[in-house]
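**Student:** Provided herewith is a single structure, encoded as structure tokens, for subsequent inquiry.
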Amino acid sequence: PESLQKKVTLLKHFRNYLVEQQKRAVEEEGEEDIFSSPLDLDVGTEVDAASLVYLKKWVRTKHAILFRLSNMTVQVVFYDHTEILLSSEARVITYVDKKHRRITYHLHELMMESNAEISKRLKYAKDILQQLISGTKH
């Protein structure tokens, strides 16, 4: 539908950006190319627009790109190829390390466990989210 055209265009731009970043990583570090087959965004398919998860806000910082989705999920993609996904609804945190290993923790598990890498990234994500909420830059 025409009402989603702007969102589809934005997704295509983000996809192209991520493909370029992945190509650079493959060239520089010999990492696996996860974008080897093109993703098709079929704009002709009828979908209930209310059920779609879409990008509400994004911000690029010195160390990462933060995405806030319509389902209240926050994804922080760090330039060192790690990621954190925060799901407030399920109260889980997913961490993707530099070797692309994905580990999901329930919030209470992570609070009991001491992991410096995850803690550092969570603090950074919290700082960026606080800046977004308050509308300030530190």
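All of the numbers you see were taken from the coordinates with simple rules; none came from a lab. These figures come from a predicted structure and were not determined experimentally. Positions of Cβ are generated from backbone atoms using ideal geometry, with glycine treated the same way; all protein chains shown enter the neighbour counts.
**Student:** Can you pull out the residues in the stretch 106-138 that are of a type outside the set (Gly, Ala, Ser) and assigned to a loop (DSSP other than H, G, I, E, B)?
**Tutor:** Matches in the stretch 106-138: 113, 115, 136, 137, 138.
**Student:** Next up: For the structure I just gave you, tell me whether residue 65 is out of contact with any Pro (no Cβ under 6 Å at 6 or more places or on another chain) and part of a strand (DSSP E or B).
**Tutor:** yes
**Student:** Among (1) assigned to a helix (DSSP H, G or I); (2) surrounded by 10 or more Cβ atoms within 10 Å (Cβ to Cβ), which single condition is residue 98 missing?
**Tutor:** Of the numbered conditions (1) assigned to a helix (DSSP H, G or I); (2) surrounded by 10 or more Cβ atoms within 10 Å (Cβ to Cβ), the odd one out for residue 98 is (1).
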